[in-house]
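The next block holds one structure in the form of structure tokens; read it before the comments.
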Amino acid sequence: MVSKRIVLHFPHRLVNQPIIYKLVKELDLQFNILKAFVTPQEEGLMVLELTGKRENFDKGIEYLKSCGVRIQPLSQDVIRNEERCTNCGVCVPICPTQALIVDPKTREISFDNKKCIACELCVKLCPPRAMEVHF
Amino acid sequence: MRTIKEINEKIRKGQVVVVTAEEVIDLVEKKGVKKVAQEVDVVTTGTFGPMCSSGAYFNIGHTKPRIKIGGGTCTLNDVPAYTGFAAVDIYMGATAIPDDDPRNKVYPGEFKYGGAHVIEDIVAGKDVRLDATAYGTDCYPRRKLETLLNIKDLNEAVLFNMRNAYQNYNIAVNLSDKPIYTYLGMLKPNLGNANYCSAGQLSPLLKDPYYKTIGIGTKIFLGGGIGFVAWQGTQHNPGVPRRENGTTKVPGGTLSVIGDLKQMKSQYLVGTSMLGYGVTLIVGIGVPIPVLDEEVIQHAAAKDKDIYAPIVDYSQNYPQVIPGSLGEASYEQLKSGKITIQGKEVPTGNLSSYSKAVKISEELKSWIKKGDFELTEPVAKLPAADSGYSFKLLKERPILQKEE
Ligand code: SF4
Ligand code: SF4
């Protein structure tokens, strides 16, 4: 058995397709949706914990890829360069998981790495480019 | 009540009482305007937001043999500088970008490096690369120059911003069904977010709304060093509608500022890249307000709850200059994290760092208390609310072709 957390990027045309269904029905994989949303660019984004027999897991990944889903392992990490961050807060409404929030007292912006799903939305939108992707 | 001269005497004697524009709010609530006006000598303000009309000029020193860059070309780290001056004076504007930057060809463009970043690097003490060409004259024969430059070797390095410290600003939203990329950040479709850009109750011109103490010649905190108000900023628009507390309901006055870049710190001058828009410079500014009378304190005590900004659609209204706002919201509401527009709850984001604005007002306060910073008397007033001075759109006129 394997169990892995992966991020799936669905192009616009696939957003309404029952792709995950096949994973369950034909490959007997179990899944747990940790996060799902549609980005402003209308790409579907889903963070999934996928569990099943190794053989079926690999087949599942192959199947997803053949449909045009881009898969990103969750090993990639977004970190904040504390020196560059000006604590403006323009990232706060952008982050889909509330990993970036304003401290109501100090008005400083805290970044909770554990909540971050590495969607990278903040990376190019942060004006001083303080959010960095590390592999 | 007191004059700037008296305040400076107190600064010299170490007896001056200084509070920040945030602290004065609580003080007035507790003790009342009259008492606070008696006790407090100076209120310090602060703001830390992006301003595109920023730039810096440099005198790089004469070369041997001499070159006249004026009328030629010049880049710093591949970012073009303006050369239309004498031999070795150049001006780097914040929004300048390298000729080979893809701009918005791949939309939305990233704008990774530009004039604002060059200024930040120079202030940080990093070497920058200069490439210049000239046409050559009898007195300035040289045609080409390639060299590294460092701020410590420049004769002058001066920050000069045509417009800064906007008195209030729009709250930007997007009514269309596509994301848009603006100078106020990315706006999600269908009122997905609302971005604002002001320090609100800490912002200099919102705390001296009628420019009673801030004028041309006022000494200020600029980018971590000392600067001065050089003039009213471009697009200064003092005649706009105001609230009872004097604050403008829409963007109003602005300041043009100048100061020695050599004293500044890169943490207060930050090069930034606005996705799909361009490069701009975040500038830290703090302005001291001398408490000349009770009215000054009354105004300086305006709080986020009583300062409102207009909500403007940036998908149609702003670009097409269609008048109309979607209402207004106070800075207190904005800071709560969401505001209501057309019945919808919309999350808010600030482009101007409030925590840095607090830090600037604190730092200026400590300079004054330590006796390192005395106040100046303005040498001339900024155009006032009733001056008739205003800001208008361009009236385009056709260029008639001459018949052959
Ligand atoms: S947008 Fe960037 S600079 Fe602003 S608070 Fe977020 S991480 Fe910090
Ligand atoms: S990458 Fe940025 S926007 Fe995405 S979840 Fe992490 S912090 Fe939030």
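With respect to being within 10 Å of chain B (Cβ to nearest Cβ) and either among the hydroxyl-bearing types (Ser, Thr, Tyr) or under 22 Å from residue B:110 (Cα atoms) (or both), residue A:94 fits the description. Scanning segment B:249-263 for residues being in contact with a helix residue (DSSP H, G or I) (Cβ under 7 Å, 6 or more places away or on another chain) and open to solvent by 10 Å² or more (accessible area, probe 1.4 Å) gives a total of 1. Among the residues of segment B:342-357, is any crowded, with 17+ Cβ neighbours inside 10 Å, within 14 Å of chain A (Cβ to nearest Cβ), among the hydrophobic types (A, V, I, L, M, F, W, C) and in contact with a His (Cβ under 9 Å, 6 or more places away or on another chain)? Within segment B:342-357, none of the residues are crowded, with 17+ Cβ neighbours inside 10 Å, within 14 Å of chain A (Cβ to nearest Cβ), among the hydrophobic types (A, V, I, L, M, F, W, C) and in contact with a His (Cβ under 9 Å, 6 or more places away or on another chain).
Restricting A:62, A:26 to those that are in contact with a Phe, Trp or Tyr (Cβ under 9 Å, 6 or more places away or on another chain), open to solvent by 70 Å² or more (accessible area, probe 1.4 Å) and free of Cβ contacts under 8 Å to residues at least 24 places away in the same chain reduces the list to A:26. Filtering segment B:98-122 to residues that are more than 14 Å from chain A (Cβ to nearest Cβ) and under 18 Å from residue B:269 (Cβ atoms) leaves B:115, B:118, B:122. Going residue by residue through segment B:365-379, is there one that turns out to be within 14 Å of chain A (Cβ to nearest Cβ), touching a residue at least 60 places away in the same chain (Cβ under 8 Å) and surrounded by 17 or more Cβ atoms within 10 Å (Cβ to Cβ)? No, there is no match, as no residue in segment B:365-379 is within 14 Å of chain A (Cβ to nearest Cβ), touching a residue at least 60 places away in the same chain (Cβ under 8 Å) and surrounded by 17 or more Cβ atoms within 10 Å (Cβ to Cβ). Of all residues in segment A:73-100, those satisfying the criterion of being more than 10 Å from ligand 1 (Cβ to nearest atom) and open to solvent by 20 Å² or more (accessible area, probe 1.4 Å) are A:73, A:74, A:75, A:76, A:77, A:79, A:83, A:96, A:98. Just one of (1) open to solvent by 10 Å² or more (accessible area, probe 1.4 Å); (2) in a helix (DSSP H, G or I) fails for residue B:228. It is (2). Could you please tell me which pairs satisfy a Cβ distance under 9 Å, a separation of 6+ or placement on different chains, a first residue in segment B:338-351 that is hydroxyl-bearing (Ser, Thr, Tyr), and a second residue that is in a loop (DSSP other than H, G, I, E, B)? Partner pairs satisfying both residue conditions: B:340/B:327; B:348/A:89; B:348/A:92; B:348/A:93; B:348/B:193; B:348/B:336; B:348/B:337.
For segment B:177-215, a residue qualifies if it is part of a loop (DSSP other than H, G, I, E, B), in contact with an Asp or Glu (Cβ under 8 Å, 6 or more places away or on another chain) and either at pLDDT below 95 or more than 9 Å from chain A (Cβ to nearest Cβ) (or both), and the qualifying residues are B:190, B:212, B:214. Scanning segment B:175-212 for residues that are closer than 19 Å to residue B:278 by Cα and among the polar types (S, T, N, Q) yields B:182, B:195. Of the set (1) more than 18 Å from residue B:186 (Cβ to Cβ); (2) more than 12 Å from chain B (Cβ to nearest Cβ); (3) touching a Lys or Arg at 6+ places or on another chain (Cβ under 8 Å), all apply to residue A:99 but (1). Residue-level analysis places residue B:132 outside the set of residues that are under 25 Å from the mean Cα position of the chain (by Cα), crowded, with 17+ Cβ neighbours inside 10 Å and at pLDDT 95 or above. Scanning segment A:109-125 for residues that are open to solvent by less than 50 Å² (accessible area, probe 1.4 Å) and touching a Pro at 6+ places or on another chain (Cβ under 9 Å) returns A:117, A:119, A:121. Helices (runs of 4 or more DSSP H) fully within segment B:294-390 that include at least 3 residues being in contact with a Gly (Cβ under 8 Å, 6 or more places away or on another chain): B:331-335, B:354-370.
Where strands (runs of 3 or more DSSP E) fall entirely within segment A:26-135, those with at least 2 residues that are farther than 25 Å from residue B:51 by Cβ, more than 12 Å from ligand 2 (Cβ to nearest atom) and of a type outside the set (S, T, N, Q) are at A:30-38, A:44-52, A:70-73.
The values are calculated or read from the model by the stated rules, or taken from the named source; none is laboratory data. These figures come from a predicted structure and were not determined experimentally. Counting neighbours? That spans all protein chains shown, and the Cβs are built from the backbone with ideal geometry, glycine included. Each accessible area value is taken on the protein alone, full model and side chains, heavy atoms only, with ligands, DNA and RNA left out. Shrake-Rupley method; radii C 1.70, N 1.55, O 1.52, S 1.80 Å.
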